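Quick note: the coordinates plus some simple rules give every number you see, no bench work behind them. Please read all numbers here as calculations on a predicted model, not as lab measurements. Glycine also receives a Cβ, built like all others from the backbone with ideal geometry; neighbour counts cover every protein chain displayed.
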Amino acid sequence: LFFATPARLKFMKGERAESSATSDVVKRIAIAFPAVRFTLAGSDRSTLELPAADDSAEGSLRRVAQVMGADFPDNSIALDAMRDGVHLTGHVSIPSFTRANALQQYAYVNGRPVRDKLIAGAIRGAYADVLPRDRHAVTVLFLTLDPAIVDVNVHPAKADVRFRDPGLVRGLIVGAIRQALADAGVRAATTGAAGMMAAFRPGAASYGHGGPANGHRSYDAAYRASGPSGFDPARSPQRPLDMGFDGAGFEQRGLRESEQAAFDAGPLASADARAGQDEAAETLLGAVLGAARAQVHENYIVAQTRDSLIIVDQHAAHERLVYEALKNALHSRPVPSQMLLLPEIIDLPEEDAERLALHSETLARFGLGIERFGPGAVAVRETPSMLGEANVQQLVRDLADEIADNDTVDTLKERLDKIAATMACHGSVRSGRLLKAEEMNALLRQMEATPGSGTCNHGRPTYIELKLADIERLFGRR
């Protein structure tokens with residue numbers, strides 16, 4: 001009599017919410033089987049139509065584009081990595097192509113769609129210093145491994161899984177994504193150009209306030225939330241554009257407070273005056289970010305390639321360069337530590353204390369000196385100098401929880417990276433600083449050689465590229 005009645009009818013949501021949940025289930029299954037045609041009908045009409053592709057890599061990407069949007073393939077990077085019998089494939093978005101939530105993060109274990117906290121945490125960790133706090137990457141990850149080393153029966157709906165070696169899986173995902181982002185070089189999302197095009201059209205709303213129609217970008221609030229307090233570009237001192245790095249004390253050459261003569265703000269060179277520079281500029285036109293042509297409002301560098309126009313935010317770009325230099329120095333040798341006058345004794349469950357002791361050598365490289373202090377306790381004798389007067393009790397407990405969950409100590413590393421990001425923001429070339437042509441070109445070349453330079457430390461784009469064909473469309477030439 002009640003065969004068609006849902007078991008939990010009283011707990012069901014509205015028709016729209018239930019339809020959305022049903023569509024999400026079908027999409028997750030469809031991505032796993034690109035060679036199968038899927039049709040979802042509801043309310044007397046078809047709500048989802050996914051034509052069959054094939055099982056090749058190209059067919060899989062076509063199915064992903066059907067589900068996640070036609071702009072995803074152009075703004076994603078392919079993954080293919082293997083570690084200790086675990087194979088990872090899929091596609092991840094570049095840092096400048098994001099969503100406001102994590103609903104478009106799809107993960108599969110041996111072909112089964114899952115919503116696993118460890119995988120979600122690994123994705124967040126991989127994008128930790130390239131995305132704003134309120135933005136999420138778009139990903140499709142396929143993990144293939146021996147069924148004997150993964151338990152799929154820890155959740156009634158089989159949505160969660162448990163890996164025998166969670167640290168291996170997390171390390172593989174984080175490492176593969178970061179390596180892929182580094183190998184991809186400098187890339188800007190195509191949605192940035194689309195928003196720029198919309199802003200240029202007569203009667204269009206300002207891109208800076210309304211954002212592009214598809215809602216991919218929302219940087220302003222995130223940047224204000226994560227930027228250093230008291231930062232005033234108009235009052236900031238002028239600094240030389242020097243990326244030389246002196247590792248001692250993690251100090252940046254050319255970033256100390258000092259008086260410097262302002263650049264001569266002469267008029268921009270005319271086309272005739274620039275004729276003698278054409279031969280040198282012609283070579284730069286073939287570079288990814290091209291040749292610098294002008295500086296606008298003392299903050300934006302206008303560059304030209306053979307088929308595009310590029311606008312660079314000089315402060316955001318140099319901030320990323322300084323940050324990467326600081327990180328490289330920070331992690332290339334043991335982090336300086338400060339000895340505590342009195343050891344901090346922290347009571348913990350015995351298993352947590354034992355896990356911390358097993359990772360004591362790794363923690364020591366990051367400046368945290370920790371050792372056992374009797375049953376169920378540890379003694380902290382040194383802390384990283386960069387942390388200042390940190391809450392040692394909370395830090396150690398957070399580390400214990402992370403080791404228990406993921407078998408990693410990334411919490412400490414991430415805190416040190418955040419301090420480096422703040423230092424980079426204060427130490428980078430400021431808005432309102434006049435740059436010479438050679439300085440602008442030097443900045444462009446450094447961006448091309450630096451991983452992750454497409455976004456600043458707060459996740460804002462460092463540059464936008466507008467293709468020549470798009471410019472011609474604006475003027476009705478196409």
>> To make sure I understand the rule: partners must be lysines, Cα under 27 Å from the Cα of LYS10, and not fewer than 8 residues away in the same chain. Which ones qualify?
In response: LYS27, LYS158
> So for the pair ARG37, GLU361, with labels modelled 7 Å out along Cα→Cβ, what separation do we get in nm?
Replying inline: 6.0
>> Neighbour counts of other C-beta atoms within 10 Å: give me LEU285, LEU395, LEU444 arranged from fewest to most.
In response: LEU285, LEU395, LEU444
>> List the trypsin sites (Lys or Arg not before Pro) within segment 298-363 that DSSP assigns to loop and that have no more than 13 neighbouring Cβ atoms inside 10 Å.
In response: ARG306
>> Taking the beta-carbon count within 10 Å as an exposure proxy, list GLU389, GLU298, GLU439, GLU49 from fewest neighbours to most.
In response: GLU389, GLU49, GLU298, GLU439
> How about segment 1-105: which chymotrypsin sites (Phe, Trp or Tyr not before Pro) there lie in a loop by DSSP and see at most 16 other Cβ atoms within 10 Å?
Replying inline: PHE2, PHE3
> Loop-only check: which trypsin sites (Lys or Arg not before Pro) in segment 381-470 are DSSP coil with at most 15 other Cβ within 10 angstrom?
Replying inline: LYS436
>> At R0 = 56 Å, how high is the FRET efficiency between VAL154 and ILE311 if r is their beta carbon distance? Nearest 0.05 is fine.
In response: 0.70
> Among rounded, prolate and oblate, which fits segment 368-478 when a ≥ b ≥ c are the square roots of the eigenvalues of its C-alpha gyration tensor, a/c under 1.5 means rounded, and a/b larger than b/c means prolate?
Replying inline: prolate
> Taking R0 as 35 Å, what's the FRET efficiency between GLU438 and ALA81 from their Cβ-Cβ distance, rounded to 0.05?
Replying inline: 0.30
> How many percent of the alpha carbon pairs in segment 69-183 exceed a separation of 26 Å?
Replying inline: 15
> Quick one: which of 173-182, 342-351 comes out on top by average Cβ neighbours within 10 Å, and what's the full order, highest first?
Replying inline: 173-182, 342-351
